[in-house]
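**Student:** Please see the structure below; I have some questions.
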Amino acid sequence: MFLLAGCAGMHGPVQEPEVTLADMRVLEMKPLEAVVLLSLRVMNPNDFTLDINGVRCDLEIDGKHFATGIGDKNSEIPAFGTGLVPVTVYASTLKMFSRVLTMIQGMGGQQNGLAPIRYELTGKILLGGGISRSVHFASKGELSLNN
């Protein structure tokens, strides 16, 4: 018991990693659900390796809930390094089509193409390797659909 407590305290406080959306790919489209693979870029600001045991996240697009998912692939992010962590999320195809219609209607007579899509990614990372805790993350950005 003391050994486990010692390992957890060995590193001191854990600085929360920075998480950003690196890639998004549609894996499967079903009549009511889309399966999307997100690649999350995790940046470790700590002087020790982060052992990631799992990730849970929610994706909002233009302020509306779009998808929820989990990733259970164990990953190691080196000290002061980065890595990609895959997370499978599930979205309603009805929400997807509604979003596309809203974008088309919002274009009106615009000649400049589609407006950028604002997204917000929130969730938590479950850490292992003697730390055994979760850290929350939030990331915002824009995706441009224009060339």
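**Student:** Among the residues of the range 97-118 satisfying the criterion of being modelled with pLDDT of 70 or more and either among the acidic types (Asp, Glu) or over 30 Å from residue 43 (Cα atoms) (or both), which is surrounded by the most Cβ atoms within 10 Å (Cβ to Cβ)?
**Tutor:** 98
**Student:** For residue 121, are the conditions met, namely being modelled with pLDDT of 70 or more and surrounded by 15 or more Cβ atoms within 10 Å (Cβ to Cβ)? Full working, then the answer.
**Tutor:** On the way: modelled with pLDDT of 70 or more: yes; surrounded by 15 or more Cβ atoms within 10 Å (Cβ to Cβ): yes.
Taking the combined requirement at face value, the residue satisfies it.
**Student:** Evaluate the following for residue 41: is it among the basic types (Lys, Arg) and modelled with pLDDT under 95?
**Tutor:** Numbers: among the basic types (Lys, Arg): yes; modelled with pLDDT under 95: no.
When the stated conditions are applied, residue 41 does not pass them.
The values are calculated or read from the model by the stated rules, or taken from the named source; none is laboratory data. Treat the numbers as computed from the prediction; the structure is a model and nothing was measured. Note that each Cβ is placed from the backbone with ideal geometry, even for glycine, and that neighbours are counted across all protein chains shown.
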